[in-house]
1. I'd like the mean, over residues of B:21-27, of how many other protein chain beta carbons sit within 10 Å of each residue's own Cβ.
2. Rounded to the nearest 0.05, what FRET efficiency do B:Ala5 and B:Arg66 have when you use their Cβ-Cβ distance and R0 = 25 Å?
3. Which value in nm describes the separation of the simple spin-label points at B:Glu140 and A:Met79, placed 7 Å from the Cα toward the beta carbon?
4. What FRET efficiency do you get for B:Gln80 and B:Asp18 if R0 is 22 Å and r is their Cβ-Cβ distance, rounded to the nearest 0.05?
5. Tell me, what HN-Hα J-couplings in whole Hz come from the Karplus equation 6.51 cos²θ - 1.76 cosθ + 1.60 at θ = phi - 60° for each residue of segment B:133-138, using x for Gly and Pro?
6. Sorted by mean Cβ packing within 10 Å, highest first, what order do the peptides A:25-38, B:64-77 take?
7. Label points 7 Å out from Cα along the Cβ direction at A:Ala43 and B:Lys92: separation in nm?
Amino acid sequence: MKRVARQMDGCGEDALEPLLKQWLPVAPRGDFESGVWRRLHVAGARSGRVVALPAWLPAGWRLPVVLPALCSLLVIAAMGAWFGVAAGRAVTVDRAAAHPLLSAQTLSGSYLAAATRGVR
Amino acid sequence: MTPEAADWDLVARVKAGDDAAFDGLMERYKRPVLSFVYRMIGDADEAQDVAQDVFVRVYQALHKPRFRQRDARFSSWLFQVARHAAIDVLRKRRRRPLEWLSPRHEQGATLSDPEPDAAGRLAATELGRQIAAAAAELPEKQRAIFILADYEGLSYAEIAAVMRCSVKSVETRLYRARQSLRLRLGALREK
């Protein structure tokens with residue numbers, strides 16, 4: 001405080017010092033620490049665990065890493081399965097088309113589904 | 001053991017899962033953090049919330065695997081976190097302006113040397129409000145540097161670590177802050 005008044009040269013240092021003293025800090029309320037712990041508890045961060053995760057996950061992993069990775073894997077697996085089924089069907093249709101007893105006409109329209117089922 | 005080493009020792013214990021060590025850190029720094037935040041945002045009730053949030057952020061940061069000790073002093077890092085928390089509040093206020101330091105906000109303030117009579121206390125509160133208003137006119141960086149230097153007693157090097165700028169820049173901003181306050185409070189003094 002004295003430093004403030006000293007450096008405010010030319011402005012009546014003695015008068016400024018008590019003036020600035022009025023800007024006093026607030027005192028922390030008694031429940032300050034318990035308030036912090038309560039917030040940490042709500043955030044699930046007590047005892048070093050920011051987010052509760054299964055024990056088998058590596059210690060350094062946290063939900064922001066694990067959850068997006070799991071979601072991405074699920075999406076990739078679902079897309080892989082869908083493409084796999086679609087490709088399998090395409091192969092089946094190709095085989096059906098190559099069958100000597102089936103002409104191009106029989107593969108068109110409503111015969112297609114029946115033909116592919118028959119070849120399977 | 002120096003205070004800085006004692007702080008980092010407590011930090012190491014917190015990282016190892018000792019929550020009592022975090023109570024020790026709070027006991028040591030709750031007053032300076034609350035005081036700094038209060039002077040930055042000017043609202044006693046909100047300052048209590050923000051100061052608690054600062055310690056929540058610190059606790060969470062300490063438990064992150066990538067946490068590294070970058071500053072020589074724990075307090076420098078702590079004041080950085082407090083400053084960013086205060087800036088968040090000021091930004092929110094800019095989007096949703098509130099009356100700066102209304103009398104309701106001042107009710108939470110506790111004077112360490114209270115006036116014996118109600119009139120004196122009211123006058124002190126009014127003066128405090130005017131000083132806070134004068135400081136609130138300062139740009140955020142100047143205000144933070146002024147508070148850290150003149151109320152929290154940090155050295156220029158420590159302030160430079162908190163503000164992530166050079167010591168020269170701290171000196172310049174502090175000089176400008178004092179000049180601005182001198183002008184604003186000079187008028188107040190003459191009343």
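Since every read-out is calculated from the coordinates, none of them should be taken as a lab result. Model, not experiment: these values are computed from the prediction. Cβ sites come from the backbone with ideal geometry, for glycine too, and all protein chains shown count toward neighbours.
1. Working: counts 0, 4, 3, 0, 0, 5, 3.
Averaged over the peptide's residues, the number is 2.
2. Working: r = 23 Å, r/R0 = 0.92.
Efficiency computed from Cβ-Cβ geometry: 0.60.
3. 3.9 nm
4. Details: r = 24 Å, r/R0 = 1.07.
Efficiency computed from Cβ-Cβ geometry: 0.40.
5. 5, 5, 5, 5, 6, 6
6. Numbers: A:25-38: 17.1, B:64-77: 13.9.
The densest-packed peptide leads the list: A:25-38, B:64-77.
7. Between A:Ala43 and B:Lys92, the simple spin-label model gives 1.4 nm.
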